[in-house]
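Heads up: the structure comes next, in structure tokens.
No lab work stands behind these numbers, since they all come straight from the coordinates. Model, not experiment: these values are computed from the prediction. When we count neighbours, we look across all protein chains shown, and the Cβ atoms used for this are built from the backbone with ideal geometry, even at glycine.
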Amino acid sequence: MIFLDNASTTRTDDECAAIALKYMTENYFNPSAPYHVSVELSNEINRSRENILRLLKGEGKIIFTASGTESDNTALFCTKKKHGSRIVISDAEHPAVRKCGENLTSLGYDVVYAPVDEAGRVKTEEFRKLINEETSLISIMHVNNETGAINDIKTLVSMAKKINPSVIFHSDGVQAAGKIKVNLKDLNVDLYSFSGHKIHSPKGIAGLYIKKGVNIKPYLIGGGQEFSLRSSTENVPGIMAIEHALSKQITAMDFNLSKVSDLRNKIINNLDNEKYKLISTGECSPYIIMIALKKVRGEVMLHSLEKYGICIGTGSACSSKKIDKKASFGAYLPEEYKRGLIRVSLSRFNEENDIECFINSLNLEYNTLIKYI
Amino acid sequence: MEHIILIRIGEIFLKGHNRNFFTSLLKNNICEALKDIKCKVVSTQNRMFCEGYNQDEEEEIISRLTTVFGIYNISPAVKLATNLEKIAELCCRLFPKEGVFRVTVNRADKKIPLSSMDIARNIGAEMLKDSSYRTVNLYKYDFEVNVDIRENGYSYIFYRKIACEGGLPVGCGGNGMLLLSGGIDSPVAAFLMAKRGVKIKAVHFHSFPYTSEMAKEKVIKLAKIVSCYCGPIELSVVPFTEIQYAIKENCPIEYMITIMRRFMMRIAEKLAYEKNCGAIVTGESLGQVASQTMESIMVTNSVVSLPVFRPLIGFDKSEIIEISRKIDAFETSILPYEDCCTVFLPKNPVIKPKLNYALELEVPLDIEKLVDDAIAGTETVICDFRE
């Protein structure tokens, strides 16, 4: 199996799995119980929390959630905002943010969408025009989950805060944290989502960074865990695993970035411009590469590559029956490429021969499929 | 006193000398539908009973029986040895203490000296005595007390009749090979033919990589939904891409669908003979799409000699959707996956194809080999809603 769909999820790191197992079978206690082993466990969770905050260079606190989607929902729904106020999100957000935006529109908020360029990156000047004194919340993803395009969050935050200092700025960093360098203090965001299973921890654990001084309402009410903002018995195995995963990724950041960049370059340098169009241009995370196939449907290519044991993704702009109306960056594409989006996403587990096999298979299948168009 | 379910059989009544064949088939089908539930099915001359089950499972049994073709209606009932006093006593106890009611007695056991009317009157009187909040009205009532006194020495008390699908027991009408696409129509066609006693087997054409694994799973799910009515369905998934490639390479695009459907019919017939089916079943409805005009149907039909049953031929789409919703297939049918017919869909498919021209177009194709190769790649899945 050659797994090139690492933006959807990743193989769990053996060490993370072993840590999670330990907290399931040995230290399985409820951290809220009053006896010694639980108190110890509760301290360990807080130590993890602090370590993650340090790794992401934030000032404030981390709450653990069950998914990136939950973190995004918390950010969008639980921030304080005046009814009817303006909310700015980008045209290329993940559905976890976009659908919240649609919901907030129906609740009476003035949700507006910042246009993106052909790689899915927010256009800075057009973004600026959307911010006004009525703006209460902004949510712009750090790394685009389909194209890998990196948004200049630091500039966008300072731009927004200059116009309206009270605005809350959230960024979905699910494809960034642990993969590219993230310095939350430097970015100056108020809220930041990250997720474990995109960086080799098990599924079901994620987090939301809340900058010091930023207040949010509880998302789940109950036993008062996570500073009473997200009641639920803590997912201790997940928390311990995500901390380890993040720490491992950040320690080896330069090494991983250089390895993955080499793989990415190998793909890009081998793309025949007659058949394929690279969407991931400009400043992009090397982990995600989006390619548009000329005339061949992305979904068909995805299935064709299955017979070589290769798993890739497609773009959401090419859902099987209708072309997504949003189709943010897809809107820039010539008609014959629009349904041909494929996403290749890498991890530190990928090797050079995986990429060679992918390129050869892609070309072979393309040449077969194009004959029957 | 014992809880039982009374099963009334439908059209089988009309059968003369073959009646035993129909009733024993129906009994088998009922047993098959209930095979994972502990209960006993007993058949008497003109009705059947389900008994010996755990009371908690009564609703599940009822819901399964409503999907067995050949049953007209059912009534959950209590059974007791015939004793008029006991019957009256039970009616007082089992039925609501207030409300307007009527009593209907059916006395098949003529050894009892009282007439049905007399017995009904006596039971009604006891029930009125039992609670002063009850009143009788024979025409406008909240509940009806039914008492059935049989000649076997037992009586049955029940209050509701649950309508079932009617039709004939599945299997009495032979086997049919259904073309199952994954759309709205073909599951409905399966339902209607099964209602007339046809045991359904199915063929699905899969165009990997153009159609996904999910599209195939959807078809399997649809077959499972329909299997609630038809019993387990043997589904043959036939790889179709090579045939589509061959047509695409050799024939004009507007004849793509016509020639494709001719191949589908050939494969369906071959599988039908292999699997002992006496007919092909399709979900075609006249004029619905280009391939379902009278001319198109003639051209596609002409490659087979088995009869082709098209139970939806005269149905409007809205009528088909109504049945699709009723059998719970609609939500699955509309899941948006490509099916083999939407791949290589020409912009302007021919509406009135000519048979001679189709024959001419097929000359360069090695039909026998294409059909045999496709059949050789068939994957067989048994689709049963219980799994």
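Values for this structure:
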read-out	value
Cβ-placed point charges (K, R +1; D, E -1), dipole of chain A about Cα centre in debye, nearest 20	800
Least to most buried among A:MET240, B:MET127 (fewest other Cβ within 10 Å first)	B:MET127, A:MET240
Value of relative contact order over chain B, rounded to a whole percent, pairs C-alpha under 8 Å and six or more apart	17
Exercise: per-residue mean of other protein chain Cβ atoms within 10 Å, A:297-309	3
Using alpha-carbon coordinates, inclination of helix B:367-376 to the longest axis of chain B, degrees	50
Neighbour-count ranking [beta-carbon atoms within 10 angstrom, fewest first] of A:THR12, B:THR104, B:THR300	B:THR104, A:THR12, B:THR300
Relative contact order [Cα under 8 Å, 6+ residues apart], region B:175-383, whole percent	35
Angstrom value of the Kirkwood radius, inverse mean 1/r, which spans all Cα pairs in the protein assembly as shown	31.2
Kirkwood Rh and Cα Rg combined as Rg over Rh, evaluated for region B:34-79	0.91
Unit charges at the beta carbon, dipole of region B:175-383: most positive-side option, B:THR282, B:GLY231, B:LEU180	B:GLY231
Selected from A:LEU191, A:LEU41, B:SER43, residue furthest toward positive end of dipole (the protein assembly as shown; charges at beta carbon)	B:SER43
Cα-Cα separations in region B:223-347 greater than 18 Å, expressed as whole percent	62
Where only alpha carbons of region A:14-250 are counted, the Rg and the Dmax (Å)	17.8, 57
Using a Förster distance of 35 Å, the FRET efficiency for B:ASN46-B:GLU331 (Cβ separation, nearest 0.05)	0.35
Separation between Cα centres of region B:169-196 and region A:18-61, rounded to whole Å	58
Whole-Å distance, taken between Cα centres, linking region A:84-121 and region A:327-351	21
Chain A - percent relative contact order, Cα under 8 Å, separation 6 or more	22
Viscosity 0.692 mPa s, temperature 37 °C, Stokes-Einstein D of region A:1-139 from Kirkwood C-alpha radius, µm²/s	177
For region B:1-79 and region B:106-149, distance of Cα centres in Å	26
Kirkwood estimate for region B:175-383, i.e. one over the average of 1/r between Cα atoms, Å	16.9
Shielding by partners - mean other protein chain Cβ count within 10 Å, residues of B:206-212	5
Hull-based mean projected area of region B:2-163, where the convex hull spans the alpha carbons, in square nanometres	10.0
Helix-only mean residue ellipticity at 222 nm for the protein assembly as shown, each DSSP H run of n ≥ 4 adding -39500 (n - 2.57), per residue, nearest 500	-11500 deg cm²/dmol
Cβ-derived FRET efficiency at R0 56 Å, A:THR25 paired with A:ILE370, nearest 0.05	0.60
In region B:111-212, the GluC sites (Glu not before Pro) that fall in loop regions by DSSP, at most 16 other Cβ within 10 Å	B:GLU151
Long-range tail of P(r) for chain B (Cα pairs > 37 Å, %)	37
Angle between chain A longest axis and helix A:36-55 axis [Cα atoms, degrees, rounded to 10]	50
Cα-derived Rg to Rh of region A:264-312, Kirkwood definition	0.97
Over 20 Å between alpha carbons, listed pairs B:LYS15/B:LYS326; A:LYS57/A:LYS211; B:LYS35/B:LYS224; A:LYS295/B:LYS354; B:LYS86/B:LYS129; A:LYS295/B:LYS347	B:LYS15/B:LYS326; A:LYS295/B:LYS354
Cα-projected label distance for A:ASN363 with B:ASN28, points at 7 Å along beta-carbon direction, nm	6.1
Residue among B:LYS221, B:LYS27, B:LYS110 with the largest mean-square fluctuation in a Gaussian network model of chain B, springs linking Cα atoms under 10 Å	B:LYS110
Value of Rg to Rh for region A:1-75 (Rh from inverse mean 1/r over Cα pairs, i.e. Kirkwood)	1.03
Approximate spin-label separation A:ASN269-A:ASN103, in nm, with each point projected 7 Å along Cα-to-Cβ	4.6
